[in-house]
Amino acid sequence: MPECRDVLIGTVQYTKMADVLLILFTLVTCMTISKAADKHGYCLPPYSAINLCDRTWTLIFENDETGAPLSGTKEDLKQAVLRGAELRVLLKDMMVEPSSMVTHTFSSGVDNINIRGDNICCEILSHVATAGFESVIDAHWRFFLPCTTGSVHVAQYYVESADFLSEETQRARIAWYAKEIQHDLYNNRPLFAHFLDGGSTVGNKEDLIDAAREGKEIRALMTDRGYAFPFQVVAWSDADGRVCGQSNKHLSQKYSGSDIVFNTQTPYMWFSSWSTTGRRDSSRWAVGGVTNRGRGSDYVSLKWFADPCWRHVFTHDNSGNQLRGSRESLVAAIRDGHRVRVVVDNRAMEASFLRVKNNHVSAYFLDELSTKGGRGFDQFDFTTDTYFKFSTAHTTGTFRQYGHFVRNTSTTVSPSMTKQKISWMIDVKPWETILKVNEKGVVIWGQKINVKNAVLKSASIRMSIEFDSTSGTLYLGADNTKVGSAVTDEESVSQSVRVMGDRPIGSYEFELSPVPFWVFLVVPTTGNVHLSGWQMGRHHRFFHRSVPASVVWFANL
């Protein structure tokens, strides 16, 4: 039986250029979501990939402070999770800032999701405590774990330290939003699923490896545990067709009645590597590193979901020469606010942040951990002495890698620089420019209330920030955004915590600082950007200041 991709490729050859994007969206969807075809080999109707990628963040459920429903049902939210949907939450009128008497509404994506009986709980880990328009001067993580019971467990740890600061439980009104990746909202069929021995239960593994090679964002679900999570890194083996995903954003938890809370008695970060053979490798390290909390491997069944809303725009050889697509299209998409993923050396990752300088792109990847490599059954297992594997990819073909041991991030692995063939993908979800503010804080396009209104709809927020011409323009997503509870307060404050110190190399490239440090950005709609720099491996502050900058705000509603 001919596959639907053959029919569509033939169609593209005879279609006007204005229609090619529409055909390509449909082609991508056929190839990664459903290989269903009728007896003539044509894709089955009636769902549109354009409509799928244009879907908005939809309120699925809202609970009050006691967990009582205000809108929707918990079952609707549970079914969205089981369909592989992406979630965002609004914590309404909550004490977001430590020791504050002022409430805010806090918007964030989630790092992992747990179904606990009739309730849903999730972790929010990319948040450093703030005070107004700044990070607190003695920086500490302020992790949130909200549940549909109305409970929000808060745990605080000093950055780059094992020192525990405090914990508390707040009650909050919580709105739960979802963005679906299935054409049919009544379909929870994954792209691929397997038993614990790797035997297929749903779909074909070939479809999954195709999606991985095309740079699609991939998420997973353990149905027996009701645990859902995204992969920060997706890798594959050409030798045997294995696909593996790394999930590296999970803080230890425990049950507390109907809730799930952080395990502050034995706090550790859980890094996990999941393979289509059923193998799962785990590496656990105490918060702040230093202490290994154990590692081991087992076998689990898993469902794999792929988000089809990603499109190839540019591939170059190891010298940066165009092979397919164009660098101009990539740069234009970034300037319009789009997210970026790359495929390089048999793995796909999303950029934590980007720089554009002289029409070249530098992308930074900060969520990978070291693996054993080779071709054995444990190829994708973590190395025993696990280290963070940071990378930068450049449209010149340069690919830099840096290693910092989890046990002591000031101890490094020798950096490397190679020249690589790299493919660049962008998300094709609609991003709207909603505000432009110059370095003096003057609004030059849009209105500040646009950002607040977008946040209150749980929109994803991205920003472009320009400090000066030598550093190019910085593009990054907001890890979280808070807005004042008062109706008269039009200011919004976004935070990005996955940024590392770097410096320019030549006219087009950048490299990470030889003394590695994090930069926590707080970006209010006032025009100034607050920067707080902290050394890796030590609770040591390098700087803490506000800097004028031109900022453009984008929203995916």
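Quick notes on this one:
- The set of residues in segment 36-77 that are of a type in the set (Val, Ile, Thr), more than 28 Å from the chain's Cα centre (by Cα) and either at pLDDT below 95 or buried (at least 18 other Cβ atoms within 10 Å of the Cβ) (or both) is empty.
- Any hit, segment 161-170, residues being crowded, with 17+ Cβ neighbours inside 10 Å and either over 18 Å from Ser272 (Cβ atoms) or touching a residue at least 40 places away in the same chain (Cβ under 8 Å) (or both): yes
- Residue check, Trp304 touching a residue at least 24 places away in the same chain (Cβ under 8 Å) and in a strand (DSSP E or B): yes
Residues are listed down the side, and each one gets a yes or a no for (1) over 22 Å from Phe365 (Cβ atoms); (2) not basic (Lys, Arg):
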{"site": "Thr470", "(1), (2)": "yes, yes"}
{"site": "Trp518", "(1), (2)": "no, yes"}
{"site": "Arg541", "(1), (2)": "yes, no"}
{"site": "Ser550", "(1), (2)": "yes, yes"}
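- Single residue of segment 339-367 satisfying the filter (within 12 Å of Ala393 (Cα to Cα) and acidic (Asp, Glu)) that is surrounded by the most Cβ atoms within 10 Å (Cβ to Cβ): Glu350
- Filter result for Asp336 (surrounded by fewer than 19 Cβ atoms within 10 Å (Cβ to Cβ) and under 19 Å from Met463 (Cα atoms)): yes
- Pairs with Cβ under 6 Å, 6+ apart, first in segment 535-550 and over 24 Å from Thr473 (Cβ atoms), second in a loop (DSSP other than H, G, I, E, B): Met536/Thr409; Met536/Pro516; Gly537/Asn408; Gly537/Thr409; Gly537/Ser410; Arg538/Glu160; His539/Glu160; His539/Ser161
- The combined condition, being part of a strand (DSSP E or B), at pLDDT 95 or above, among the polar types (S, T, N, Q) and within 30 Å of Thr266 (Cα to Cα), is not fulfilled by Ser391.
- For segment 307-347, a residue qualifies if it is part of a loop (DSSP other than H, G, I, E, B), of a type outside the set (Gly, Ala, Ser) and under 18 Å from Asn556 (Cα atoms), and the qualifying residues are Pro308, Cys309, Asp336, His338, Arg339.
- Test: Arg284 is part of a strand (DSSP E or B), basic (Lys, Arg) and in contact (Cβ under 8 Å) with a residue 60 or more places away in the chain: no
- Looking only at segment 542-556, and only at residues there that are surrounded by fewer than 17 Cβ atoms within 10 Å (Cβ to Cβ) and not aromatic (Phe, Trp, Tyr), the one that is farthest from Glu432 (Cα to Cα): Arg545
The values are calculated or read from the model by the stated rules, or taken from the named source; none is laboratory data. The model shown is predicted, which means the values in this text are computed figures rather than measured ones. So basically every Cβ, Gly included, is an ideal-geometry build from the backbone, and we count neighbours across all protein chains shown.
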